[in-house]
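The values are calculated or read from the model by the stated rules, or taken from the named source; none is laboratory data. From a predicted model like this one, the values you see are computed outputs, not experimental measurements. Counting neighbours? That spans all protein chains shown, and the Cβs are built from the backbone with ideal geometry, glycine included.
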Amino acid sequence: MKPTAFALALILMTACTTKPAGLVERLSNAAETTPFYGHQDDLMYGHGWNSADGLDKLMERSDVKDVCGKYPAILGLDLGYIELGRSCNLDGNDFALMAEAARQHHARGGIITLSWHPDNPATGGSAWDNSDNSVVRRILPGGDLHDKFRVWTDRVCDWIESLKDENGKQIPVIWRPFHEHTGGWFWWGATCCTPQEYNALWHMFYNQVVNERGLKELVWAISPSSSNRELFAERYPGDEYVDLVGVDHYAYLAPGQSQKEADEAFVCSTREVLTWLKEFALLHGKPYALTETGLEGLNSAQWWTGVLQEAIEGSGICYVLTWRNSSREDQRNHFYAPFPGQDSAEDFCKWVNEGKIKMLD
């Protein structure tokens, strides 16, 4: 019998000792059955609380768990500001507490996915500072920012390397650097570098992390934005450097739209996006995921069963991750997962209880 694309990908991963075959197998199996649910910063903070305030070293609090009784299967964390030697990331999360969250989540059977929003090494601005289109080529070998970026890479590697389980074994993670690169809002995006420069950046970074630092327990994920998808094929560093492909695609309410119209538009656009992502993933023998999504404020009470599930039904994704629930008083509407009493909480429980999405057991 001819193996499926996912089975073939698994065979290739298992044959290569530099890949965490167990994690790839879990993701591939989820793609064939029920996708995992992920939530950004889930154990770090939630609507009206922050783990740092109570020094919650057990990392037991979770908006998602408070709603449905289960932790999300995937915990998303971001390493922005690690490159600067800071003690906290760009969202105020203490890096030591983040590492503890990753260890606790892994010990519970969960999966960790890491993103990175590094500051602009040329200007000192944020990751969103796209004012200089020379940054990537200056980072590449021979460029005046190359040595500086190597120091940044080492700081990233030091933190990832600190993620050990109770037996001292390296914890495998999904590693998603330089994401949304087909958009123009980051300094590594399509308006700031050529396809050749972007791919060379990925190759250089991969070599430094995997071959020089020896970090093998990484599932390398590339995730363009859902816009400008025609740029994805040319800004793809090659199958030997990528283990999973994803896409970041959010719901939003356009001016003059009703929420019902916005929901219908999201279902339609997501199905379209996941169709081309699936085609690309199968062509390259990779599992694929909706690596970032969500509706800020969740003002659609049946968003989980009536919108998101409708959008991803039968798509073959291995996971879907919704963005974070801010704990800040001035960001009370900045949340993408329900919390107790939130309008969509009951629908979220229904989504989980019907077995449409996989949480931690």
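When the residues of region 312-337 are filtered to those that are surrounded by 23 or more Cβ atoms within 10 Å (Cβ to Cβ) and of a type in the set (Gly, Ala, Ser), which remaining residue is modelled with the highest pLDDT?
Ala337
Scan region 158-189 residue by residue and report those that are crowded, with 23+ Cβ neighbours inside 10 Å and either without any contact (Cβ under 8 Å) to a residue 12 or more places away in the chain or among the small types (Gly, Ala, Ser) (or both).
Gly189 - this is the single residue of region 158-189 that is crowded, with 23+ Cβ neighbours inside 10 Å and either without any contact (Cβ under 8 Å) to a residue 12 or more places away in the chain or among the small types (Gly, Ala, Ser) (or both).
Return the total of residues in region 299-333 being within 18 Å of the chain's Cα centre (by Cα) and either outside any loop (DSSP other than H, G, I, E, B) or of a type outside the set (Gly, Ala, Ser) (or both).
The qualifying residues number 11.
Here is a yes/no grid of residues against (1) within 20 Å of Val219 (Cβ to Cβ); (2) surrounded by 17 or more Cβ atoms within 10 Å (Cβ to Cβ); (3) among the acidic types (Asp, Glu):
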position: Gly85; (1), (2), (3): no, no, no
position: Gly92; (1), (2), (3): no, no, no
position: Met98; (1), (2), (3): yes, yes, no
position: His105; (1), (2), (3): yes, yes, no
position: Thr113; (1), (2), (3): yes, yes, no
position: Trp116; (1), (2), (3): yes, yes, no
position: Ala122; (1), (2), (3): no, yes, no
position: Ser126; (1), (2), (3): no, no, no
position: Asp129; (1), (2), (3): no, yes, yes
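Consider region 46-78. How many of its residues are crowded, with 23+ Cβ neighbours inside 10 Å and in a strand (DSSP E or B)?
Residues flagged as crowded, with 23+ Cβ neighbours inside 10 Å and in a strand (DSSP E or B) within region 46-78 amount to 6.
Pick out the one residue from Glu166, Glu197, Glu180 that is of a type in the set (D, E, K, R) and closer than 25 Å to His106 by Cα. Full working, then the answer.
Details: Glu197 fails: closer than 25 Å to His106 by Cα; Glu180 fails: closer than 25 Å to His106 by Cα.
Answer to the selection: Glu166.
Just name the residue that is farthest from the chain's Cα centre (by Cα) out of those in region 100-157 that are under 26 Å from Lys57 (Cα atoms) and polar (S, T, N, Q).
In this case the residue turns out to be Gln104.
Hey, among Tyr241, Tyr250, which residue is aromatic (Phe, Trp, Tyr), at pLDDT 95 or above, surrounded by fewer than 23 Cβ atoms within 10 Å (Cβ to Cβ) and closer than 27 Å to Pro72 by Cα?
Working: Tyr241 fails: closer than 27 Å to Pro72 by Cα.
The match here is Tyr250.
What single numbered condition from (1) within 25 Å of Glu100 (Cα to Cα); (2) in contact with a strand residue (DSSP E or B) (Cβ under 7 Å, 6 or more places away or on another chain); (3) surrounded by fewer than 22 Cβ atoms within 10 Å (Cβ to Cβ); (4) β-branched (Val, Ile, Thr) fails to hold for Thr153?
Failing condition for Thr153: (2).
Any idea which of (1) under 19 Å from Glu313 (Cα atoms); (2) within 20 Å of the chain's Cα centre (by Cα) is the one Tyr252 doesn't satisfy?
Tyr252 satisfies every listed condition except (1).
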